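See structure below.
What follows is calculated from the coordinates using simple rules that are stated; it is not laboratory data. Since this is a predicted model, take the numbers as computed values, not measurements. Please note: Cβ atoms are built from the backbone with ideal geometry, for glycine as well, and neighbour counts cover all protein chains shown.
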Amino acid sequence: MIKLLCRLYEPTEGRILLNGRDIHTFSYGEYIRNIATVFQDFAVFAFSLAENLAASRVYDPEKVWEALARAGLQEKTEKLPKGIRQAVSHDYEEDGVNLSGGEAQKLAIARAVYKDAGIVILDEPTAALDPYAEKEIYEQFFRHLAEETMISVSHRLSSCRFCDGIAVLDQGRLVQLGTHEELLGQPEGKYAEMWAMQAQYYTSADA
């Protein structure tokens, strides 16, 4: 579904509409400029932190710091000798830093924030984070990206509590649609079943 939305795949039937307009009537460049995506299999490059965010040698330092703050990496970066100019990995710089899995994932999220797109697509972006860090990330996302359209795919339902609407897919079919409260009010539904199975993690994250 995410790859269809990003026009990496072409629909074999049906259409995808953006504000009532078939997405394939937009030029590809115009369309992808308005979408920022965080996939599970993202890449971290052996460049500086700032260049990783901007995907360019040219970047706006103020925007870089803002994106790092929103993704929860500001404190980590402030402790680095070169700050946002610190190289990631030791491949080309002896004083480069190696990021943990969670930190690398936050960097990928910060990259999407930096792009400043109107639509943000998150494909399990917090899979490597613990429930506490996940809760913090989503709170920051929804606080700072209130004007953007955000689509999030997740199997950890704690993130769904922040969403205006939830679509539950099972075996490739849409089986439920509603808000968090509405879906929990359907005890026989798939969403309530999954929520009950994962409830111990949500209780811990809210403590």
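Sorted on the mean count of surrounding Cβ atoms within 10 Å across their residues, most packed first, peptides 186-194, 152-160 read 152-160, 186-194. Straight-distance candidates among the lysines for linking to residue 106, with alpha-carbon spacing under 23 Å and chain neighbours fewer than 8 residues away dropped: 3, 63, 76, 79, 82, 115, 135.
Considering only DSSP beta bridges where both residues belong to the range 1-134, give the percentage that are antiparallel (nearest 5).
Values: 3 of 8 bridges.
About 40 percent, rounded to the nearest 5.
Computed over the alpha carbons of the range 11-53, Rg followed by Dmax gives 15.1, 43 Å. Taken over the chain, the percentage of Cα pairs per 5 Å bin, counting from 0 up to the bin with the maximum distance, is 1, 6, 14, 17, 17, 16, 13, 8, 5, 2, 0, 0. Centre-to-centre, using Cα atoms only, the range 37-94 and the range 148-181 are separated by 30 Å. Extension gain for residue 69 to residue 26 (0.36 nm times residue separation, less C-alpha to C-alpha distance): 12.2 nm.
Once you have the Cα-Cα distance between residue 2 and residue 176, take 0.36 nm times their residue separation minus that, and quote the gain in nm to one decimal.
On the way: separation 174, 0.36 × 174 = 62.64 nm, distance 1.86 nm.
Using 0.36 nm per residue and subtracting the Cα-Cα distance, I get 60.8 nm.
Give the calculated FRET efficiency between residue 33 and residue 132 to the nearest 0.05, with a Förster radius of 22 Å applied to their Cβ-Cβ distance. After rounding, the FRET efficiency stands at 0.05. Residues in the range 36-71 near a label at residue 151, defined as backbone nitrogen under 12 Å from the 7 Å Cα→Cβ point? Within reach of a label on residue 151: 36-38.
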